[in-house]
Amino acid sequence: MRMKRVAAVAAAATLALGLAACGGDDADEGTGSGSKSFAAGSTMEKLNKAQKIKIGTKFDQPGFGQKGLSGKPEGFDVEVAKLIVKELGIPADKIEYVETPSKVREDVIVNGTVDLVAATYTINDKRKERIAFAGPYYEAGQNILVKKDDATITGPDSFKDGTKKVCSVTGSTPAEEIKKYVKDVGTQLVLFDTYDKCRDALKGGQVDAVTTDNVILLGYIAKDESSFKLAGENFTKEPYGIGVKKEDNDFRNFVNDTLEKAFNDGSWKKAWDDTAGKFGAELGTAPTVNRY
Ligand code: GLU
């Protein structure tokens, strides 16, 4: 019985891979620039014809999306987005990056300010009410950043006595989660729109800790090793997805196909090794894309 099931799953996987391999290249319908051709009326065709795309990402998160001297954001999210853009047949220099802080991610997808969001964006049911997610393409976990010499904060329970201030970002999952641990949200939880402001507040002593995903915090540690450290272990799971319009199943499928291809051909691992992978976090094995 078990063998049968395994065989069936393997057959389904082979079929899915076969379909993914066909991609848009061989579609009879539709037109497109470069060597790519996509189904008429699809988002893929529209973007390919336009030969440009708008991507929402972070500008302040080293290793994932940080705007540097080049004037363009760099990091794992940016590299994953570039793999999708390449598959659309659009040159990377035709990407317009739009800074997308946590709180506005759903809004910019719904109102069409961007074509997709790649921004340390945790897949969850509440967000799925307004937008759709391809992926996951990585799994992070919430953690806590403290000053290097701090021995008093060792995990989220350290906020329970009400004496420590913790900073996070409006509209993020960690800002919600930490409310379960603080004694008084009003005095202990400080919220900004971006994590770099939390980092600065920690460095300046206005708060005692910053909480968000481990990999974002590891980016800040990598840039300032003498100042910061993580306090304890991850205490949530944060699977990162690519945000797209809720009703656009074809585009979501296309992004999922592209992610699966990248998991298998080494480009996903290279994207990681070139960016966030330098900051001490593990990539792990490729996640299973969730085609809900
Ligand atoms: N992954 C979490 C979220 O999507 C925290 C990181 C962020 O705010 O970008 O809310």
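For the range 39-102, the calculated P(r) over all alpha carbon pairs, in 5 Å bins from 0 to the bin holding the longest distance, is 4, 19, 27, 22, 15, 8, 4, 1 percent.
If you run the Gaussian network model on the chain, springs between alpha carbon atoms under 10 Å, then out of ALA119, ALA151, ALA134 the most flexible one is ALA151. Rg and Dmax of the range 202-265, both derived from C-alpha coordinates alone, stand at 17.6, 48 Å. Comparing LEU83, PHE38, GLY232 along the charge dipole axis of the chain, the residue lying farthest to the positive side is GLY232, per the Cβ-charge model. For a label point 7 Å from the Cα of LYS148 along Cα→C-beta, name the residues of the range 214-240 whose backbone N is under 13 Å from it. The answer is 221-230, whose backbone nitrogens lie closer than 13 Å to the label point. When its C-alpha radius of gyration is set against 2.2 N^0.38 Å (N residues), the range 126-178 gives a value of 1.48. Available extension along the chain between LYS86 and LYS269 is 64.3 nm, counting 0.36 nm per residue and deducting the alpha carbon span.
Relative to the dominant Cα principal axis of the chain, helix 214-223 is inclined by about 70°. At a temperature of 4 °C and a viscosity of 1.567 mPa s, determine how fast the chain diffuses translationally according to Stokes-Einstein, using the Kirkwood radius over alpha-carbon pairs as Rh; express D in µm²/s, rounded to the nearest whole number. Answer from the Stokes-Einstein relation: 65 µm²/s. If R0 is taken as 25 Å, the Cβ-Cβ distance between LEU191 and ASN124 corresponds to a FRET efficiency of 0.85. What's the angle, to the nearest 10 degrees (0 to 90), between helix 2-22's Cα axis and the longest principal axis of the chain? On a 0 to 90 degree scale, this one is about 70. Taking 0.36 nm per residue of separation and subtracting the Cα-Cα distance, full extension of the segment from GLU96 to LEU69 would add 8.1 nm.
Ordering VAL104, THR258, LEU191 by Cα displacement along the dipole of the chain toward the positive end leaves LEU191 in first place; charges were set at the Cβ atoms of Lys, Arg (+1) and Asp, Glu (-1).
If you take every DSSP beta bridge whose two residues both sit in the chain, what share of them, in percent to the nearest 5, is antiparallel? Antiparallel: roughly 60 percent of the beta bridges in the chain.
The ASP157 and VAL110 beta-carbon pair, evaluated with R₀ = 30 Å, returns a calculated FRET efficiency of approximately 0.20.
Taking one quarter of the surface of the convex hull spanned by the alpha-carbon atoms of the range 65-144 gives a direction-averaged projected area of 6.2 nm².
Longer than 31 Å from Cα to Cα, which of LYS52/LYS203; LYS54/LYS128; LYS52/LYS147; LYS203/LYS278 are they? Say none if no pair is. Exceeds cut-off: LYS52/LYS203; LYS52/LYS147. Taken per residue, the accessible surface of the chain reaches 48 Å², heavy atoms only and a 1.4 Å probe.
Given a Förster radius of 25 Å and the C-beta distance between ASN249 and ALA286 as r, what FRET efficiency does 1/(1 + (r/R0)^6) yield to the nearest 0.05? That pair, ASN249 with ALA286, gives E of 0.65. Comparing the range 140-222 with the 2.2 N^0.38 Å rule of thumb, its C-alpha radius of gyration ratio is 0.95 (two decimals). Set the Cα radius of gyration of the range 169-292 against 2.2 N^0.38 Å, with N its number of residues, and you get 1.26. Within the accessible area of the chain, what % is carbon and sulfur when the probe is 1.4 Å and the other protein chains stay in place? C and S atoms contribute 51 percent here.
The values are calculated or read from the model by the stated rules, or taken from the named source; none is laboratory data. None of these values were measured; they are calculated from a predicted model. Methodologically, a virtual Cβ is constructed for each residue, glycine included, from the backbone with ideal geometry; neighbour enumeration extends over all protein chains shown. Heads up: the accessible areas ignore ligands, DNA and RNA and are worked out on the full protein's heavy atoms, side chains in. Shrake-Rupley method; radii C 1.70, N 1.55, O 1.52, S 1.80 Å.
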